[in-house]
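Trainee: Mind looking over this structure? Questions follow.
Taken together, the values in this text are just the output of simple stated rules run on the coordinates, not laboratory data. As the structure is a prediction and not an experimental result, all values here were calculated from the model.
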Amino acid sequence: GDVVAFSNICTHMGCPLGTIYSPEHKLLGPCLCHFTTFDLTNRGIVVIGQATEDLPQIQLELEDSTGDIYATGVMGLVYGHRSNLDALGAVE
Ligand code: FES
């Protein structure tokens, strides 16, 4: 319940957010390109900056027998990834 994962590609124009993380406030950012900052405790919403889309959250599953955690999907569109459209059936 307390493990989350997000894309680290800014939804504004695709700059890498890297490890610009504030553990005190649990915020990712500010993005070095245009200063968008995302709240990782609240579904990756934009708290300030140029982006209009929240940060895509990675869907996780826990393997009970081993305790391993697996990424099984993405909730949202990752900036610049053609496969976003493939999943929607929009690209042939
Ligand atoms: Fe991150 Fe513009 S690319 S705020």
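Trainee: Gain in length, Cys33 to His81, computed as 0.36 nm per residue apart minus the alpha-carbon separation, to one decimal in nm?
Mentor: Full extension of this stretch gives 15.4 nm more.
Trainee: Could you run the Debye sum over the Cα atoms of the chain, one equal point scatterer each and no solvent, and tell me log10 of I(q)/I(0) at q = 0.26 Å⁻¹, two decimals?
Mentor: For the requested q values the scattering log ratios are -1.29.
Trainee: Here is a follow-up. On a full-extension model of 0.36 nm per residue, what is the gain between Leu60 and Val3, subtracting their alpha-carbon distance, rounded to one decimal in nm?
Mentor: 19.7 nm
Trainee: Can you give the Rg/Rh ratio of region 19-58, where Rg is from the C-alpha atoms and Rh is the Kirkwood radius?
Mentor: 0.92
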